[in-house]
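Notes to accompany the following structure.
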Amino acid sequence: LEVLAGFPDNALIIEFTNLLGDKNRQYDCHSSQDLGLCTNLHVHGLHVSPKGSTDPAQIQSDFVFLAISPATQTVRYDYDLLNSHPPGTHWLHSHLHGSTAPQVKNGMAGALILRGELDSILANDYGISDSKDKIMVLQQMSVQNDSKGNPIPLCGNHNGIPITTSINGQCLPVITAKAGEIQRWRFIDAGISASVNIALLQQNQVEKIDLNEFARDGITMNGIQVQQNIMLQPGYRSDVLIRFPECISYPCELYLVDDASSAAVSLLGVSEPSNQIAKIVIQEKAPKPMTIPSSAVFKNPYPFVCDPADFKNCSERLPKQNVWFANVANSSGGVDKTANGGIYPNTPTKQLALNGSNTWKLWVGDKQNSAANHPFHIHVNPFQVVDQNGFS
């Protein structure tokens, strides 16, 4: 789904119909039997209102508590995209609590691209558009479980190597390019079950090609950061420019891979081996080499909440919000995901002022007893991150 920035407000209208079941029967979206057939829609990354209603007949915005069953009539979503909203790479997916994970891992997600001035500059001044602007939705999809109840990857094996991550629903797709050509790749990690450690390998499948990253999570950065690996966790996005190298002979092959990652940085707390995602075939040499844009082209559209030069003092002046999380084993053998010692919905509700700024202090509590967690997720508000050493 693509939208042009700069249009009048209310530019994005989606009519959403649930076709997962029989529209002629009744559903209880709170029951385990029907929950997997109920759904809703969440736009991930846009700065839009979370307002809505549990009444599907009402016009919705980014309201994640709405349950849409197959018996529900088409629901209309209106997103107030201000004409000043920055362009970027985002995504949309189902987000009904309790059915999000199984639905997303079976493909209920897609790209949401907001195009604007930066896209025009890259296209008109540098020739990076159309077939040279590629959207890559990364997923670890599964269609069935094995005898032990573990999901069987949709992509299976290639030359004895498991292919665990698909691109746009395709297993190990072939991407064509020319030596000296520059392409923009928009990575969207729409998976739920693994970290994706992006790397692009040379012909010898050892050396790596530079990934010129200029945007993270849909937000353009100030300049380009040259990377050889980019770690994506579920929901992360990254925009990169790639200049394709010359070959000894043509055609030649490169590989986009999910590089090996250690347990310390992987989603599930276990080390992950390297596996291939796509094959790149360099067909020939481009008639004229393309130019990597100057770093000055890329500018962060969001102002800092606090100036990095005065971050410590500024952040201490703001109202504080303290939140601690823990996944705690319960008496039934399951895991309770707690926030401030409570289990949703019995957790404190925070009333915050519109257009206000806060310092959020977040940590995982000492009762944490499992590796996998998803403790904090900001849906619609820009934020500035500070690491544990206090740097912005």
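Within a straight-line Cα-Cα reach of under 19 Å, residue 320 can be paired with the following lysines, leaving aside sequence neighbours fewer than 8 residues apart in one chain: 312, 350, 361.
The simple Förster model, with R0 at 45 Å and r as the Cβ-Cβ distance, assigns residue 157 and residue 23 a FRET efficiency of 0.70. For residue 33 and residue 101, a Förster radius of 25 Å and the Cβ-Cβ distance give a FRET efficiency of 0.90, rounded to the nearest 0.05. In this view, the solvent-accessible surface of residue 361, computed with a 1.4 Å probe and all protein chains in place, comes to about 90 Å².
List the longest stretch of the chain that has no exposed loop site; here a site is one of the GluC sites (Glu not before Pro) assigned by DSSP to anything other than H, G, I, E or B, with at most 14 other Cβ within 10 Å. My reading of the result: 1-206 is the longest stretch.
Note the listed values (i) 95, 63, 42; (ii) 63, 57, 45; (iii) 121, 72, 33, then indicate which one is Cα extents along the principal axes in Å calculated from this particular structure. Only one option fits the structure, namely (ii). Segment residue 354..residue 309, full-extension length gain: 13.6 nm, with 0.36 nm per residue of separation and the alpha-carbon distance subtracted.
Its Cα centre serving as origin, segment 1-137 has a Cβ charge dipole (Lys and Arg +1, Asp and Glu -1) of approximately 380 debye.
Sorting 252, 171 on solvent-accessible area from highest to lowest, probe radius 1.4 Å, gives 171, 252. The residue 380 and residue 299 beta-carbon pair, evaluated with R₀ = 25 Å, returns a calculated FRET efficiency of approximately 0.65. Here residue 136 sits with roughly 0 square angstrom of accessible surface, probe radius 1.4 Å. Taking all protein chains into account, the per residue accessible area for the chain stands at 53 Å² (1.4 Å probe). Considering only alpha-carbon pairs that sit under 8 angstrom and 6 or more positions apart, the relative contact order computed for segment 27-186 is 17 percent. Ignoring ligands, DNA and RNA, please state the percent of accessible area on segment 144-264 from carbon and sulfur, probe 1.4 Å. Answer for segment 144-264 is 47 percent, counting heavy atoms of protein chains only. For segment 185-207, the residues whose amide N sits under 19 Å from a probe point set 7 Å from the Cα of residue 227 along the beta carbon direction are 185-202, 207. Highest GNM mean-square fluctuation among 329, 101, 177, for the chain modelled with Cα contacts below 10 Å: 329.
What shape does segment 57-179 have by the C-alpha gyration tensor, where a ≥ b ≥ c are the square roots of the eigenvalues, rounded means a/c under 1.5, and otherwise prolate means a/b greater than b/c and oblate the rest? Verdict is oblate for segment 57-179.
The values are calculated or read from the model by the stated rules, or taken from the named source; none is laboratory data. These numbers were taken from a predicted model, which means no experiment stands behind them. For neighbour counting, all protein chains shown are included, and Cβ atoms are generated from backbone atoms with ideal geometry for every residue, glycine included. Note: areas computed on protein heavy atoms with side chains; ligands, DNA, RNA excluded. Shrake-Rupley method; radii C 1.70, N 1.55, O 1.52, S 1.80 Å.
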